[in-house]
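Some notes on the structure that comes next.
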Amino acid sequence: MDLNSSQMVTSERQTFYCVPVPGESAWVKEAYLSVSQARVSPSTSYTPSRHKRSYEEDEDMELHPSKQKEQHMGNIDDIHGCGEPKRLETEASAGHQLISPNCSPPLDLNFPLPGEKGPACLVKVYERWDSFKVNDTLEVYGILSVDPVLSIVNNEERENASPLNPMECMDTVEEQRVHSPPASLVPRIHVILAQKLQHINPLLPACLNEEESKSFVSSFMMELSPLRAELLGFLTHALVGDSLAAEYLILHLISTVYARRDVLPLGKFTVNLSGCPRNSIFTEHIYRIIQQLVPASYRLQMTIENMNCSRFIPHKDYTANRLVSGVLQLASNTSLVIDETLLEQGQLDATGVHNVTALGNLITWQKVDYDFSYHQMEFPCNINVLITSEGRSLLPSDCQVHLQPQIIPPNMEEYMNSLLKAVLPSMLNKFRIYLSLLRLLDYSISDEVTKAVEEDFVEMRKNDPESITADDLHRTLLVARFLSLSAGQTTLSRERWLRAKQLEALRKARLQQQKCVNGNEL
Amino acid sequence: GLTLSRSRPAEKVKRFLQEFCRDGELGKEFPYRDQLVSLAHREQVALYVDLDEVAEEDPELVDAVCENAKRYARLFADAVHELLPQHKEREVVNKDVLDVYIEHRLMLEQRGRDAGETHGPQNQYPPELLRRFELYFKAPSASKAHVIRDVKADCIGKLVTVRGIVTRVTEVKPMMVVATYSCDQCGAETYQPIQSPTFMPLIMCPSQECQTNRSGGRLYLQSRGSKFIKFQELKMQEHSDQVPVGHLPRSISVAVHGENTRLAQPGDHVSITGVFLPLLRAGFRQIAQVRAGRGARPTAPAESWLPADSPGESRAGGELCRLQLGQTPWSEDFYDKLAASIAPEIYGHEDVKKALLLLLVGGVDRNPRGMKIRGNINICLMGDPGVAKSQLLSYIDRLAPRSQYTTGRGSSGVGLTAAVLRDPLTGELALEGGALVLADQGVCCIDEFDKMLESDRTAIHEVMEQQTISIAKAGVLATLNARCAILAAANPAYGRYNPKRSLEQNVQLPAALLSRFDLLWLIQDRPDRDNDLRLAQHITYVHQHSRQPPCAFQQLDMKLMRPQRAADVIFATVRELAGGVALTHSPPFPRPQRAADVIFAAVRELAGGAGGRSVRYAEAEQRCVSKGFTPAQFQAALDEYEELNVWQVNQARTRITFV
């Protein structure tokens, strides 16, 4: 090979380290699995002939954990043969058993959430990778490479790595281990086509701008209001009969950061559900219900031990030269349920304080400061945070709703299980579509309504300057936004604004009431 | 044709090295010829070829060097090697074993040539073996430093300059350049130049004697006769300001040789010039091309701050901003404009924003007669909940080039000051700086100041007046610098400001602490129809259009705002403004004053304090003369402050207008 030839063309590729969407709900996985089985018969012939490029520039193999969405079989018809579905969990796990005797310590696949399973993979992108950022969800088609040769040679070389060779010492054993994991464990995918995803709900068309999906949306919008009532009823039952809390929960579940203005994220709606019973399975069941409704979620148990022992923020490990993931590295629109009812008295150490600060930053600014030890870097995120607590949460929140149970079921476990059983799977699927779809709708406020809102605010301030602040206006506008969207309306109407105000008043009255109760107790 | 085209650049290079001259104090100086002399005398090892100087002689050559740096490095080295004997002015004393070896070899070669003996190609001395100098290029100053992510395949073989932060360095190790073997049968020496990180040692003697006799001579490596150079590898990572939002910083490995080793430590900010080359890996790794630079030249650490600092604005960025600043007219409302550009998403609070601007710009420390007058101002924002105090703090935290954001409640074990911690790995005691130390020469934003622990509050006393932190813990006695401006936010004692009670009761901070704040803002949330309406309009606009309402004037970009603490001109300007606007407590001792300052104060007074805008020229002069200054002094003061852009004098010199 003549490296100096003028006809030699050099090109680059970028390797991304991808993991399945953290916290992906079981129903999403199942749905994709059934779709892929129904439509595609996987072909096992893969063609390594694509290595035609004589000279590839590997970008230093920096780990770049973008969340990877598994193969979605929507448009696979164009790519025959080489498009092999990547959802091959069985193979990956079999490979794991094979390789584990060779691997001295088990390889850490660097999942953000503890206890996650599923294949991680190295995705090699040959063009237009600049648009892929950390934490994006991607869908990739490509050539799967699980050549066992890669791992064997790698293992041998690791053992023979001579200390005399000066070049080898730069890449520590640790780094090599992490960057060239056995192919059976972390398969390589050479990308032919990759695209970013708006959402990961399998029940929705992948791209909402297409003509076909528009009809889907409009037909769905037709039956929106009975559906909303149904969902409200379902959630009211789940929240032991509290319809106001259920209303706010819907608003929370369809909230999303739709814009950022300098430091200010617009559209975040963190709800603090206070008044949850302590040490009961109630919060766990609430999470189970949310899990059934949203495509990705995680329940963070806020115990002293949890706070002190794990690092929530991703940090760069310079010996292994990779970003070690943390709980807060989540894809957009993941529901994070923080359970504060589990918090006991105790001492938070430095890590614990950092974690609490990180949670606070996440909620207030929707950003996570990744730790690069020499400096921190800010990564914007879009995570729906729901805090369940007994009293007011120690974390900041946009709005606190105090739970007022109407029914006290004798056996919570049984009550919740029967509730989930009672709802039809088709209805559950509609709920899922509802929550994912409404989040993606556009929304506007007319000048007329704006005027009215402004007048209203001035009036409110005049009557009650003590308790109405700019924050209240912000919040009420948000409530009005999500209220309109939840009813399928994409503009704010006067009625919705009044309804939002009414909801806020109800919520505040409850808090006031609660304060009085607590005051009496003291 | 081929030999000609090769020799031409070689000739150019030789000519440059010998003939490049510049005008010095003692007539013409030949910097490279001088250096060649010291190289020949073994007084100097590294020769840096400044491509700027090459460009003066031959711009084409510079382009060629940048395009194909490795080849030209060899050409330059060959040229130097050829020229060295001419520049030897006296006998050189051998410094080490290798020098003795080289001398012997040269002598042998001389003798061998006399005898007409022919050498096999592997028995000839490789030029690398006889060279004791190292040659490096200094990148032309006009070329822009690359961001690591822009160093791509098209840069291969080219001279590139990259900036970044060093994250890891290896030990300095010897790397073999020429392996020397001797044969156990015929005694002939064999040389093997090595250009890759790994090599296959020779085993059989290739000399003519052994070959013809078939004696099967074995070669043995002679470590003393081989040539090694120092070798080190660095990993560098992009600065945080070079990374697009949402991307991870990339890194690059750099191979450093010879004199360039041991110049950088992890955490240093460096700019490195090198040749971007693919590196062949042995075995399976051959597939994975890893990048490595050569002839790297780390510059001195750009900033010698604590490791946890944020790097300063990139130099290129700084220049751009200065340019923009130059274009931004020094209009009368420049100060308003600057202030309004702080946290534009927060409505109103113009005065508070002006104060924050002053805090950002800071002043100059003065030390008259050993007394310390700090240049920073400390501000406390006390206000009702919901007046966007935290947002202001957060904005300042993002805007200031060096800042720390902390809350009174949530400060960790290290807390605000400093802590002595035992390193879990080594067991050594280490000093770890808290927020105030990390914000040295910057801004420390403390939210929820009222909820701070008593112990932290006492520590803050020292910081706010002495600008140092003394700690005496676990046998470590140290005084750390904490020259930071403190921006605190606190809620009033009763949650809201209670107009029925006195100011002291509402504030409820210890007097000693309160007196250390130069400015205390009480932000009260009072209903006021017009204000409320404007506030509502602001908020609804943001919700309606997802952006800021249009402003009376173009807001300045955050990047443009940022480097101003470094710009000396504005430094002084706003310092004076600070004096004019709202320095609420004056130092209890007389400040030594210059005539110009007194004149400024007098004119300021004449203009009617902070509010006035302009003064009649004649009136001002009259006032100053009556105070005992000469008109010349007045004129000088006028020019000085006009230069600082504090005021402007109109063409006819009849009016002084404050900016």
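Tabulated data
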| item | result |
| --- | --- |
| Residue match in region B:37-53 (condition: among the small types (G, A, S), under 25 Å from B:G157 (Cβ atoms) and part of a helix (DSSP H, G or I)) | no |
| Helices (runs of 4 or more DSSP H) contained entirely in region A:419-489, each with at least 1 residues that are under 23 Å from the mean Cα position of the chain (by Cα) | A:425-439, A:470-486 |
| Any hit, region B:148-163, residues being more than 28 Å from B:A264 (Cβ to Cβ) and either surrounded by 15 or more Cβ atoms within 10 Å (Cβ to Cβ) or more than 10 Å from every other protein chain (Cβ to nearest Cβ) (or both) | no |
| Segments classed as strands (runs of 3 or more DSSP E), wholly inside region A:275-388, with at least 2 members that are within 11 Å of another protein chain (Cβ to nearest Cβ) and of a type in the set (A, V, I, L, M, F, W, C) | A:376-380 |
| Any hit, region B:541-564, residues being modelled with pLDDT under 80 and more than 30 Å from A:G267 (Cβ to Cβ) | yes |
| Options A:V240, A:V257, A:V271; residue that is within 14 Å of another protein chain (Cβ to nearest Cβ), closer than 27 Å to A:K430 by Cα and not basic (K, R) | A:V257 |
| Residue list for region B:217-248, restricted to those being within 13 Å of another protein chain (Cβ to nearest Cβ), within 29 Å of B:Y181 (Cβ to Cβ) and free of Cβ contacts under 8 Å to residues at least 40 places away in the same chain | B:S223 |
| Options A:A238, A:A245, A:A296; residue that is closer than 30 Å to A:D108 by Cα and crowded, with 18+ Cβ neighbours inside 10 Å | A:A296 |
| Residues located in region B:160-203, provided they are farther than 19 Å from B:F231 by Cα and not in a strand (DSSP E or B) | B:D184, B:Q185, B:C186, B:G187, B:A188, B:M200, B:P201, B:L202, B:I203 |
| Condition check for A:E230: more than 22 Å from the chain's Cα centre (by Cα), within 22 Å of A:A31 (Cβ to Cβ) and not in a loop (DSSP other than H, G, I, E, B) | yes |
| Residue that is farthest from the other protein chains (Cβ to nearest Cβ) [pool: residues in region A:460-490 that are over 15 Å from B:T540 (Cα atoms) and of a type in the set (D, E, K, R)] | A:D464 |
| Index of the failed condition, B:L357 passing every other in (1) at pLDDT 75 or above; (2) in contact with an Asp or Glu (Cβ under 7 Å, 6 or more places away or on another chain) | (2) |
| Any pair with Cβ under 6 angstrom, 6 or more apart, that starts in region A:435-458 at a residue that is free of Cβ contacts under 8 Å to residues at least 24 places away in the same chain and ends at one that is among the acidic types (D, E) and surrounded by 19 or more Cβ atoms within 10 Å (Cβ to Cβ) | A:V458/B:D532 |
| Cβ pairs under 6 Å, 6+ apart, first in region B:249-268 and under 15 Å from B:H239 (Cβ atoms), second among the aromatic types (F, W, Y) and surrounded by 21 or more Cβ atoms within 10 Å (Cβ to Cβ) | B:G267/A:Y374 |
| B:V178 touching a Lys or Arg at 6+ places or on another chain (Cβ under 9 Å), among the aliphatic types (A, V, I, L, M) and away from every other protein chain (no Cβ under 14 Å) | yes |
| Some residue of region A:437-453 being touching a Phe, Trp or Tyr at 6+ places or on another chain (Cβ under 9 Å), exposed (fewer than 14 other Cβ atoms within 10 Å of the Cβ) and aliphatic (A, V, I, L, M) | no |
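Residues are listed down the side, and each one gets a yes or a no for (1) free of Cβ contacts under 8 Å to residues at least 24 places away in the same chain; (2) over 16 Å from A:L403 (Cβ atoms):
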position: A:A229; (1), (2): yes, yes
position: A:L232; (1), (2): yes, no
position: A:S274; (1), (2): no, no
position: A:P277; (1), (2): no, no
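Residue by residue, here is whether (1) among the hydroxyl-bearing types (S, T, Y); (2) at pLDDT below 75; (3) within 24 Å of the chain's Cα centre (by Cα) holds:
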| position | (1), (2), (3) |
| --- | --- |
| B:A435 | no, yes, yes |
| B:V463 | no, no, no |
| B:I471 | no, yes, no |
| B:L477 | no, yes, no |
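The values are calculated or read from the model by the stated rules, or taken from the named source; none is laboratory data. Computed from a prediction, not measured in an experiment: that's the story for all the values here. Ideal geometry is used to build each Cβ from the backbone, glycine not excepted, and the neighbour counts take in all protein chains shown.
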